[in-house]
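One structure is given below, encoded as structure tokens.
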Amino acid sequence: MKLRTHVNLIVAALSAAFVILAAWLQFDGTRRAVGEEIAGANVIATQLLTRILVTYDQSDNDALLTFLQHLGRVRAHEISVRNAHGQTIYASPPSPYKAGREAPAWYSSFILPTTPVHIVQLANGSEVRIEANATRATLDGWDDFVQLLIVGGIAFAVLNAAVFWLVGRAVAPWAVIVEGLRRIEQGDLQHRLPELKGYEANMIGSTFNRMAVSLEEKQLSDRKAIEAEQRLQQRRELDQLIEQRLDEERRVIARELHDEFAQSVTAIRSFAVVIANQHPPESRTAEVARLISTEAAQLYDAMHGLIPRLAPLNLDTLGLAETLEGFIRQWQGRHPSIQFSLHHELPTELGTSATIAVYRVVQEAVINAVRHARPTQVDVSVVHSDSHVRVHVADNGIGLPEDWSRPGHFGLRGLQERMAMLGGTLTLNDHPPHGVELTAEIPLGAHE
């Protein structure tokens, strides 16, 4: 239901109730007035006529009839005379007031009170009947009632027409507001409402325009955020592709170093040993050959230390668990003063990206701890749940430097980027009472 119709119905109901109440009050007032008038007049008329009729009580009724004919009609009373045989020999003349008109029977039945008929018995056997008749007063009440209904009906119609027109003017801005809301719903966020008449409508219009501005700004902000998210996703996909290509290149270089370069270095060392053995130990040639053999051995060791940094070739043949164990044994052999421990619970298949990520996290964390923290204990834990692999590396070294998060720590930054590409997380915190702990959460099956 429209607001205009709703307000009109309320006003119509209230005004109709007012008209009905006024009609009822008029109706009840007329009934009371007629009742009181008839009751009072009936007592007075009956008593006076009874005393007068005694004077005219004779053997014949001529004097009585002459008196009554001269008396005429006694206001709201009907007087009739019946002889000893029951024949009506006199009746009051009808009232000339509003002659020929009567109030409706239903109205009269509610208005007219019940009054007794007074009968005066005369000595000659005749009787005089005195009966109240308030039909004229009832007709007056009916005329007033009809007049009230007419005036009330006109006032009702005028009032409702005025209210309908005034409410129509008052709610005219609502159509503009509804149209504005419809256009906003359809996506036209640049639509603005004009200045509306009326305090409330103007306030709503101002609020609507501010809302539209906010929605437009939010839409622009959301669009920029979506575009930024898309660019970030594209960058992550590109970074992932670059990382995959780098891993492939590192693996190729590591295999070339292992298969080709290592054999060449071993051959150089063998040739140097042969040359040194073919010449006297104190000769210059033997000394140079031994120097070449020593340098070749150092180059071989450096190369074997570089290969795991480029690509853990053992992952292809031994698997992640044995590769981690070999890595820890290697660093334990290099640093006997540091106690290393490894605990792992790994699934049978992690996926290539997740496997490399776990190895790189352990590798970077252990190397950083040994190089920078001066620890005596390094604990490595790699466990899995139904949804992810958790890598935890803790040491008891000197802790994080104050500027550890400044730009330039590309190792940790690279790990964080790798975790982000896999949908995981990497956190680095102080390990109480002293030391550092690194924790990585890697989803299972991420980016095979």
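Quick notes on this one:
- By average C-beta atoms within 10 angstrom, highest first, the peptides 289-297, 158-166: 289-297, 158-166
- Each peptide among 197-204, 322-329 gets the average number of other Cβ atoms lying within 10 Å of its residues, and from highest to lowest they stand as 322-329, 197-204.
- Cα-based Kirkwood hydrodynamic radius, the chain, one decimal, Å: 35.1
- Mean residue ellipticity (222 nm) of the chain, computed from DSSP H runs ≥ 4 via -39,500 (n - 2.57), nearest 500: -21000 deg cm²/dmol
- When a 1.4 Å probe is rolled over the protein heavy atoms, the share of accessible surface on the range 141-210 that falls to carbon and sulfur comes to 67 percent.
- For the range 331-382, the set of GluC sites (Glu not before Pro) satisfying both a DSSP loop assignment and a count of at most 14 other C-beta atoms within 10 Å is given as E345, E349.
- At a probe radius of 1.4 angstrom, the accessible area of the chain per residue rounds to 61 square angstrom.
- Cross-link partners for K2 among the lysines, with Cα-Cα distance under 23 Å and sequence neighbours closer than 8 places in the same chain left out: K197.
- Heavy-atom SASA rank of T376, T317 (probe 1.4 Å, accessible area, largest first): T317, T376
The values are calculated or read from the model by the stated rules, or taken from the named source; none is laboratory data. Every value quoted in this text rests on a predicted model; they were computed, and no experiment measured them. Glycine also receives a Cβ, built like all others from the backbone with ideal geometry; neighbour counts cover every protein chain displayed. The area values use the complete protein model at the heavy-atom level, side chains included, leaving out ligands, DNA and RNA. Shrake-Rupley method; radii C 1.70, N 1.55, O 1.52, S 1.80 Å.
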